[in-house]
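Step one of this worksheet: look at the structure below.
The values are calculated or read from the model by the stated rules, or taken from the named source; none is laboratory data. All values reported here derive from a predicted model rather than from experimental measurement. In this analysis, Cβ positions are derived from the backbone assuming ideal geometry, glycine residues included, and neighbour counts consider all displayed protein chains.
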Amino acid sequence: MTESNPSKPSADYTAQVAYWDMVAHIMGGAETIRANGTSYLAKFESETQKEYETRLQAAPWTPLYADSFRNLASKPFSKEVATVDGAEEFAPLIENIDGSGNHLHIFARDLFKAGINHGIDWIWVGHTAVHEGTTNEGKKSLKARAYWKRIPSRRVLAVYSDTVNGSEILTHVRIEENHTERNGFAEVAVKQVRVLNREKQDNGDYAPATYEVFQAVKGDHGVETWVSVGGGPVSIGIIPMVPFITGERSEGSWRVRPPLKDLAYMQITLFQMEANRAVVQANTAFPITVMQGVEKPAGDAKVTLGPRSVLWFPPISDSGQYGDCHREEPAGSSAQSLREDVAEHKREMREAGMQPLVPTSGNLTATATAVSEAKAHSAVEAWAHGLKDALEQAFVITGLWLGVTDIPSVRVHTDFGLTGKDVEELRVLLEMNNPDHKLISDEAVILEARRRGLLGPEYDMDADRKLIDTEMPGDSEPDALIA
């Protein structure tokens, strides 16, 4: 039987959506995690619901995943994402690439962040609707324009592709487009799915792309059906979407393993460990009053303890012994052990997240730190190069809409500060620039410092040379800074 529901997700989507939801909850912080209760903190078998809620709300939340994520996601954006060369038609798009006023840099940053969290995110390259055959001058008069939209992986219900002449092409995509429409003073929720498709032909090639929009409607008996509300050809012939992938894609599918997946699960484990530690600490942090040889007060009467209070204990009948009152303090060995376990887990999370922080345990060697930094930088650099590639592919599709072939290249920052290795290399460079045995020029040292981010993007060598000239003492001409 043919499936008639376009909102049905693919197997690839279904395999990933639970993790995407979990990451969204982690990024939402303590409030979101606690709101999802037993999904992240199990209820004890003998625990009442009230006791569970108390334990859940008291469970600490340390956002190490979010800290690591923000640190990694910010690295390529210390310098502006920009275009180089390309046809003049692209220039007006850079300042407002999505039609909502966002610069290409902002769009790229949001795409990069989503790609790290989910492993994959999507760029939609569209164009405002015009009648077929409208000239470029006509498009300008109508203020028609190309635009990009970021399509979160959570909304891409299905993706299928094939390899044709050595290149992978998208053949079928379904996108969730649920939204709210105003009806007078009321709001109406609309369930909508956009279907993009390319039919395979007998010669093995694929027909030009088409699109169709479906909306869910309810019949007289409340049965939901999907009806087409419009469609037609995609004039550029292809499905105008570009994936940005940071994770490991399974061969032959669109399942992607996010790069921080292990760290996300470590964050949930940390939440559970800290919740258990809080329970143990609450049960062992307060001494217990023990009374021997004294009957329990009648009714709801209470015994007052504390400064300026006095207790009398009559002799125990015929025994010649007296009652006793003392404070018993529970052993804190389990709490101490849990504290150590939590501290070690946090250290492992910081290392796994490649945080530039000294672990609290203090036993991570300088070599291990350098290795951790090197892995972090190589991974983020790979993601940054992937971002550059995705943006340039999006410009190729934009060129199809605009009818131009002179496509701009994209500049994305990929040198992310100093590691221990960088510091040592700079020392070598400075030694090579030693005036007593000069092997390289001052300019070479400056260029290397700029490449490593030691000098900001606004640094001007010519202006700095003039400033040095004014600061040099004496009347003699200073040595040229730049050969």
I'd like to check something: does the range 201-208 contain any residue that is within 18 Å of PRO6 (Cα to Cα) and surrounded by 11 or more Cβ atoms within 10 Å (Cβ to Cβ)? no
Kindly check whether there is at least one residue in the range 264-280 that is free of Cβ contacts under 8 Å to residues at least 40 places away in the same chain, of a type in the set (D, E, K, R) and more than 23 Å from GLU177 (Cβ to Cβ). no
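For (1) closer than 23 Å to THR398 by Cα; (2) modelled with pLDDT under 95; (3) among the aromatic types (Phe, Trp, Tyr); (4) not in a helix (DSSP H, G or I), each residue gets a yes or a no:
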| site | (1), (2), (3), (4) |
| --- | --- |
| ASP220 | no, yes, no, yes |
| PHE244 | yes, no, yes, yes |
| GLU251 | no, yes, no, yes |
| TRP254 | no, no, yes, yes |
| ASP262 | no, yes, no, no |
Between a first residue in the range 176-198 that is touching a residue at least 24 places away in the same chain (Cβ under 8 Å) and a second residue that is of a type in the set (S, T, N, Q) and in a strand (DSSP E or B), which pairs have beta carbons less than 6 Å apart while being 6 or more apart in sequence or on different chains? GLU177/GLN192; GLN192/GLN215; ASN197/THR210; ARG198/THR171
So is ALA189 at negative phi and in contact with a strand residue (DSSP E or B) (Cβ under 7 Å, 6 or more places away or on another chain) or not? yes
ALA73 fails exactly one of the following numbered conditions: (1) touching a Lys or Arg at 6+ places or on another chain (Cβ under 7 Å); (2) farther than 20 Å from ARG257 by Cβ. What is the number of that condition? (2)
All but one of (1) assigned to a loop (DSSP other than H, G, I, E, B); (2) at pLDDT below 70; (3) not basic (Lys, Arg) hold for GLU295; state the number of the condition that does not hold. (2)
Kindly indicate which of LEU72, LEU41, LEU56 is over 22 Å from the mean Cα position of the chain (by Cα), crowded, with 17+ Cβ neighbours inside 10 Å and assigned to a helix (DSSP H, G or I). LEU56
If I filter the range 106-122 down to residues being in a helix (DSSP H, G or I) and either touching a His at 6+ places or on another chain (Cβ under 8 Å) or of a type in the set (Gly, Ala, Ser) (or both), which single residue comes out as surrounded by the fewest Cβ atoms within 10 Å (Cβ to Cβ)? ALA114
Quick check: is even one residue across the range 458-471 within 32 Å of the chain's Cα centre (by Cα) and at pLDDT below 65? yes
Which of the numbered conditions does THR62 fail, given that it passes all the others? Conditions: (1) part of a loop (DSSP other than H, G, I, E, B); (2) over 28 Å from the mean Cα position of the chain (by Cα); (3) in contact (Cβ under 8 Å) with a residue 24 or more places away in the chain. (2)
State whether the residues of the range 90-105 include one that is under 16 Å from the mean Cα position of the chain (by Cα), at pLDDT below 95 and part of a helix (DSSP H, G or I). no
Among residues belonging to the range 125-176 that are more than 17 Å from TRP254 (Cβ to Cβ), of a type in the set (A, V, I, L, M, F, W, C) and buried (at least 18 other Cβ atoms within 10 Å of the Cβ), point out the one that is modelled with the lowest pLDDT. ALA146
Qualifying positions in the range 235-248 - touching a strand residue (DSSP E or B) at 6+ places or on another chain (Cβ under 7 Å) and within 21 Å of ASP110 (Cβ to Cβ): PRO240, MET241, VAL242, PRO243, PHE244, ILE245, GLY247
Within the range 199-210, residues in contact (Cβ under 8 Å) with a residue 12 or more places away in the chain, of a type outside the set (D, E, K, R) and assigned to a loop (DSSP other than H, G, I, E, B) come out as GLY204, PRO208, ALA209
Take the residues in the range 177-198 that are modelled with pLDDT of 95 or more and assigned to a loop (DSSP other than H, G, I, E, B); name whichever of them is farthest from the chain's Cα centre (by Cα). ARG198
Kindly indicate which of THR405, THR367 is at pLDDT 80 or above, more than 30 Å from GLU274 (Cβ to Cβ) and of a type in the set (S, T, N, Q). THR405
Assess whether THR14 counts as being farther than 30 Å from THR414 by Cβ and either of a type in the set (A, V, I, L, M) or in contact (Cβ under 8 Å) with a residue 12 or more places away in the chain (or both). no
Across (1) part of a helix (DSSP H, G or I); (2) over 24 Å from the mean Cα position of the chain (by Cα), TRP20 clears everything bar (2)
